[in-house]
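Structure first, then comments.
The values are calculated or read from the model by the stated rules, or taken from the named source; none is laboratory data. What you are looking at is a predicted structure, and each value in this text was computed from that prediction instead of being measured. Positions of Cβ are backbone-derived with ideal geometry, glycine not excepted, and every protein chain shown enters the neighbour counts. When the accessible area is computed, the model is the full protein with side chains, heavy atoms only, and any ligands, DNA or RNA have been set aside. Shrake-Rupley method; radii C 1.70, N 1.55, O 1.52, S 1.80 Å.
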Amino acid sequence: MTLEPEKKTKLRTNALNLFYGSHHALRDITMDIPECSITAIIGPSGCGKSSLLRMFNRMNDLIPSARAEGEAFIDELSIYAKSTYVPDLRKKVGMVFQKPNVFPKSIYENIAIGPKSHGVRKKVQLNEIVERSLHKVHLWDEIKDCLKHNALTLSTERQQRLCIARALAVEPEVILMDESCSALDPESTMRVEQLMLELAQNYTIMIVTHNMEQAIRVSDWSAFMMIDEEKRGILVEHELTERLFSKPKDKRTEDYITGRFG
């Protein structure tokens, strides 16, 4: 597949495989993700969408039986090279989960915890980072007077935006979002989607979504995955979203987006 001329590749996989013990979960995933764009991963439940997303910041390493084969890169950094320092990788590649996973701490500490873990100690710097991160997700004006309040007191939507701000606080290059709107009402979903579009001007974003309308609304590229006959997750088609939904190249993609299966 040829990327748009003005977009360089930010993430790249070549014959990437994932195993959970003896189970072959993902088979030979090869794709290029352009920088400063939104890529949506769609497909039926159980096809490995979230597992693929987690491979880009090695979250699957937290599962003892998980094992990766093949290649994955962020720019020229080999994600699975033995020399790759995983904490630095996760600084580059942040993640936002399906349900807001705020810490039972103050709003301020939820943002400051990442920079602190990477060595930022001066209060002035931390204050600047907290304010800047909350501005980026349009939360500063809403909660600037209650930064000492427990983050769990926020609404679900504000908690999710706080989680995005927390990811942004360590200045990542890539943001992974695993069904990050599925717990939100339509109005809140619209606000988070608008935020995604704004952030994509400066960050590379990958989302997993079961909502094909959402993929159409926000993504530049879409990747359709499914399960093969041996119960392995495979990548069927990766194309510009407009093309994939209007003129899919593979009949399996057409069958899925038209509701014939999945």
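Among the residues of segment 22-43, just one is under 23 Å from Leu240 (Cβ atoms), surrounded by fewer than 17 Cβ atoms within 10 Å (Cβ to Cβ) and among the polar types (S, T, N, Q), namely Thr30.
Determine if segment 197-218 includes at least one residue that is part of a loop (DSSP other than H, G, I, E, B) and among the β-branched types (Val, Ile, Thr). Checked against the condition, which is being part of a loop (DSSP other than H, G, I, E, B) and among the β-branched types (Val, Ile, Thr), segment 197-218 yields at least one hit. Here Leu147, Leu197 are screened, and the one residue that is at pLDDT 95 or above and either under 18 Å from Glu35 (Cα atoms) or among the small types (Gly, Ala, Ser) (or both) is Leu197. Restricting attention to segment 58-114, the residues that are in a strand (DSSP E or B) and over 22 Å from Glu35 (Cβ atoms) total 5. Every condition in (1) without any contact (Cβ under 8 Å) to a residue 40 or more places away in the chain; (2) open to solvent by 30 Å² or more (accessible area, probe 1.4 Å); (3) within 24 Å of the chain's Cα centre (by Cα) is met by Ile113 except one, and the failing one is (1). For segment 129-157, filtering for residues that are assigned to a helix (DSSP H, G or I), open to solvent by less than 60 Å² (accessible area, probe 1.4 Å) and of a type in the set (A, V, I, L, M, F, W, C) leaves 7. Scanning segment 1-21 for residues that are modelled with pLDDT of 95 or more, open to solvent by 10 Å² or more (accessible area, probe 1.4 Å) and either more than 17 Å from Trp221 (Cβ to Cβ) or among the aliphatic types (A, V, I, L, M) (or both) returns Asn14, Ala15, Asn17, Phe19, Tyr20, Gly21.
Within segment 61-89, residues that are among the polar types (S, T, N, Q) sit with their Cβ atoms under 9 Å from residues that are open to solvent by 30 Å² or more (accessible area, probe 1.4 Å) and part of a loop (DSSP other than H, G, I, E, B), at 6+ positions apart or across chains, in these pairs: Ser65/Gly21; Ser65/Ser22; Thr84/Arg58. Within the set of pairs 6+ apart or on separate chains, which have a first residue in segment 193-214 that is of a type in the set (D, E, K, R), a second that is open to solvent by 60 Å² or more (accessible area, probe 1.4 Å), and C-beta atoms under 7 Å apart? Note: pairs meeting the criteria are Glu193/Arg217.
Residues that are more than 10 Å from Gly114 (Cβ to Cβ) and of a type in the set (D, E, K, R) were ranked within segment 164-184; the one that is surrounded by the fewest Cβ atoms within 10 Å (Cβ to Cβ) is Glu173. Residues that are in contact (Cβ under 8 Å) with a residue 24 or more places away in the chain and part of a helix (DSSP H, G or I) were ranked within segment 237-255; the one that is most open to solvent (accessible area, probe 1.4 Å) is Arg252.
Beta carbons closer than 7 Å, at least 6 apart along the sequence or on distinct chains, pair a first residue in segment 12-25 that is farther than 16 Å from Lys49 by Cα with a second that is of a type in the set (S, T, N, Q) and in a loop (DSSP other than H, G, I, E, B) for Gly21/Ser65.
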